[in-house]
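S.K.: Sharing a structure here in structure tokens format.
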Amino acid sequence: MINFKEKIAVILAETIEGLTVGEIRDMIEIPTDSKMGDYAFPCFKLAKVLRKAPPMIAQGIAEKLQENELFEKVENVNAYVNLFLSRKVFTQELVICVAADQDRYGSSTMGQNRKVIVEFSSPNIAKPFHIGHIRSTVIGNSIYKIYDFLGYDTVRINHLGDYGTQFGKMIVSYRRWGNEEDVTKEPIKTLLSYYVKFHEETEKDPSLEDEARDVFTKLENGEPEETRLWQWFRDESLKEFNRVYQMLGIEFDSFAGESFYSDKMERVVNMLKDAELLKESEGANIVDLEEYGMSPALITKKDGSSLYITRDIAAAVYRKEHYDFYKNLYIVASQQNLHFQQWIKIIGLLGFEWAKDCVHIPFGLVSLEEGTMSTRHGRVVFLEEVLTRAVNQTKEIILEKNVNTDNLDVTAKQVGIGAVIFQELSNNRIKDYVFSWEKVLNFEGETGPYVQYTHARAASVLRNGGDSTNQVIAAADKANVEYILGDSAYELAKLIYRFPEVILEAGEKYEPSVVTRHIVNIAQGFNKFYHDEHVLVANEEEKKAKLLLVYAAKQTIQNGLKLLGMEAPERM
Ligand code: ARG
């Protein structure tokens, strides 16, 4: 697609001495009010070089550009040159491009041959996969999709919390008070209850702690019986997590979690020793980070066992060696900021220049309207329950509204789950937010159902267009775009044109909400166009041109929804 900003910069460069195309391009603005043009060029900075008053300069430039057929109109207002693109040239270019790229519209090859690791979700085995985990899962999945769309070679890793002293406790508790049947039936709830039971019982009998520690040491040493139980707990938990991933349509390339690094830690500890970074402190080993304004990082405990941070250092080293990543991204809550600052610093201190390629992508807290979540007080909301409730409520709404669907169950799932994902990705990730049922399932306002509904509406118009639709998409260059140059059509076309830039921005900022907001804008732009204009008119030429714009809007919304990890139903 033509980069219009770039093209304008080239044209301007011919009339302006002393500035490069790049410098001019960076000066070009997009006015918030389209009455001031599609693009505007401020002349203040030129005053010095040209030794003329800015308004005079603007006037001079505007006069020279009058004849250029890229522009419909060129005006100078004070020190600005306001540029109005030829709607015809612009719209024609756009619709041809979208019709050619289709589901690749907005994609790029910029990431070719560069590997990006996206680590996300990473729940803890035998602990509930609650609504707090949804953030990492949904944001991470979208960041993965965006990088994939930009042509990067992506690897999705679920760094499961499947290791640590708590497994000693769980095994002890299971042996004393547990039974196989319960675990198989309801793994997470049961295992969690063992964990709680263990803590209750240790109040009465503190020696249980030692017992648990011994059991964990056995596990670390690979004793068969302990390993078997641990493996079983892991498998059962994973079954439950996979059910949620399936509902969300999320997959991973690797489930190498914390336990995967159990035999890779010694090497890392030795590296730290060799680099003289390790300090002994009351029998434990730490890395002192005071110089960098951080508390010390505990690497091994008194009994020699490793910690969460040790496993992260080992994981990063492993990933660099195994994948040779260009970027290694971690989508993890902002509560862990210090943890990430610490270990990424340690990687740097080890002399690895790729420390700069390890990026922590934090996000804020999610709370419930009823108050914050707390595992201890039993105020956990299981993600699976949230998703199921969203689907059921959507079903009710669809029935109430008498919406016409092919398959009620499928649509309810696409819309219900999509609604939860969309709300999750609506705000800047770093903001805390309150999960609200009312907002999630609203069909109006800036919600998932609204965007999906708009998409389905556009799909229905295209279906009604029948053969004309197919013909015009197959031969977009033959469309007579004169019929789609009105104000609302043009505003819609401009939003569609911006889509590829928006994807780039979302990737650079690791911010899916940029995509979410933009597709809301496109949906609103489409609805305005649809309200202002009759699409299925008798005049075949006019109808085809309009259908082509409807198609471009629908395709772009669909591509956007896919990047958020949502479905784009054809009917609802
Ligand atoms: N399992 C951890 C938790 O639930 C998140 C793991 C984050 N990833 C990492 N590499 N530390 O808090």
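S.K.: Considering 17, 69, which residue is surrounded by fewer than 19 Cβ atoms within 10 Å (Cβ to Cβ), farther than 28 Å from residue 485 by Cβ and at pLDDT below 95?
M.R.: Sole residue among the options that is surrounded by fewer than 19 Cβ atoms within 10 Å (Cβ to Cβ), farther than 28 Å from residue 485 by Cβ and at pLDDT below 95: 17.
S.K.: Could you tell me how many of the residues in segment 406-433 are of a type in the set (S, T, N, Q), more than 10 Å from residue 448 (Cα to Cα) and in a loop (DSSP other than H, G, I, E, B)?
M.R.: Qualifying residue count for the region: 3.
S.K.: Within segment 122-174, track down each residue that is farther than 22 Å from residue 195 by Cβ, more than 11 Å from the ligand (Cβ to nearest atom) and outside any helix (DSSP H, G or I).
M.R.: Across segment 122-174, the qualifying residues are 150, 151, 152, 153, 154, 155, 156.
S.K.: How many residues are touching a helix residue (DSSP H, G or I) at 6+ places or on another chain (Cβ under 6 Å), free of Cβ contacts under 8 Å to residues at least 24 places away in the same chain and either within 18 Å of residue 75 (Cβ to Cβ) or hydroxyl-bearing (Ser, Thr, Tyr) (or both) if we restrict to segment 11-40?
M.R.: So the count comes out to 1.
Residues are listed down the side, and each one gets a yes or a no for (1) aromatic (Phe, Trp, Tyr); (2) buried (at least 21 other Cβ atoms within 10 Å of the Cβ):
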residue: 111; (1), (2): no, no
residue: 121; (1), (2): no, yes
residue: 137; (1), (2): no, yes
residue: 147; (1), (2): yes, yes
residue: 158; (1), (2): no, yes
residue: 164; (1), (2): no, no
residue: 172; (1), (2): no, yes
residue: 184; (1), (2): no, no
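S.K.: Next up: On the given criteria, is residue 201 away from the ligand (no atom under 16 Å from the Cβ) and at pLDDT 90 or above?
M.R.: Criteria met by residue 201.
S.K.: Check off (1) crowded, with 21+ Cβ neighbours inside 10 Å; (2) among the β-branched types (Val, Ile, Thr); (3) away from the ligand (no atom under 16 Å from the Cβ) for residue 116 and give me the number that stays unchecked.
M.R.: Of everything listed in (1) crowded, with 21+ Cβ neighbours inside 10 Å; (2) among the β-branched types (Val, Ile, Thr); (3) away from the ligand (no atom under 16 Å from the Cβ), residue 116 misses just condition (3).
S.K.: Kindly check whether there is at least one residue in segment 258-267 that is within 16 Å of the ligand (Cβ to nearest atom), touching a residue at least 60 places away in the same chain (Cβ under 8 Å), in a loop (DSSP other than H, G, I, E, B) and more than 21 Å from the chain's Cα centre (by Cα).
M.R.: Yes, segment 258-267 contains a residue that is within 16 Å of the ligand (Cβ to nearest atom), touching a residue at least 60 places away in the same chain (Cβ under 8 Å), in a loop (DSSP other than H, G, I, E, B) and more than 21 Å from the chain's Cα centre (by Cα).
S.K.: Okay, next question. Any idea how many residues of segment 306-326 are charged (D, E, K, R) and either within 9 Å of the ligand (Cβ to nearest atom) or crowded, with 19+ Cβ neighbours inside 10 Å (or both)?
M.R.: Summing the residues that are charged (D, E, K, R) and either within 9 Å of the ligand (Cβ to nearest atom) or crowded, with 19+ Cβ neighbours inside 10 Å (or both) in segment 306-326 gives 3.
S.K.: Assess whether residue 272 counts as being modelled with pLDDT of 95 or more, assigned to a helix (DSSP H, G or I) and surrounded by 18 or more Cβ atoms within 10 Å (Cβ to Cβ).
M.R.: So residue 272 fits the description; yes.
S.K.: For residues that are assigned to a loop (DSSP other than H, G, I, E, B) and touching a residue at least 40 places away in the same chain (Cβ under 8 Å), tally how many sit in segment 434-450.
M.R.: 4
S.K.: Of all residues in segment 327-356 being of a type in the set (Gly, Ala, Ser) and assigned to a helix (DSSP H, G or I), which is nearest to the ligand (Cβ to nearest atom)?
M.R.: 334
S.K.: Any idea which of (1) farther than 21 Å from residue 566 by Cα; (2) assigned to a helix (DSSP H, G or I) is the one residue 518 doesn't satisfy?
M.R.: The number of the failed condition is (1).
S.K.: Turning to a different aspect of this structure: Hey, does segment 422-431 have a residue that's touching a residue at least 24 places away in the same chain (Cβ under 8 Å), over 22 Å from residue 517 (Cα atoms) and of a type outside the set (Val, Ile, Thr)?
M.R.: Looking through segment 422-431, none of the residues is touching a residue at least 24 places away in the same chain (Cβ under 8 Å), over 22 Å from residue 517 (Cα atoms) and of a type outside the set (Val, Ile, Thr).
The values are calculated or read from the model by the stated rules, or taken from the named source; none is laboratory data. No experiment lies behind these values; they were computed from the predicted model shown. Cβ sites come from the backbone with ideal geometry, for glycine too, and all protein chains shown count toward neighbours.
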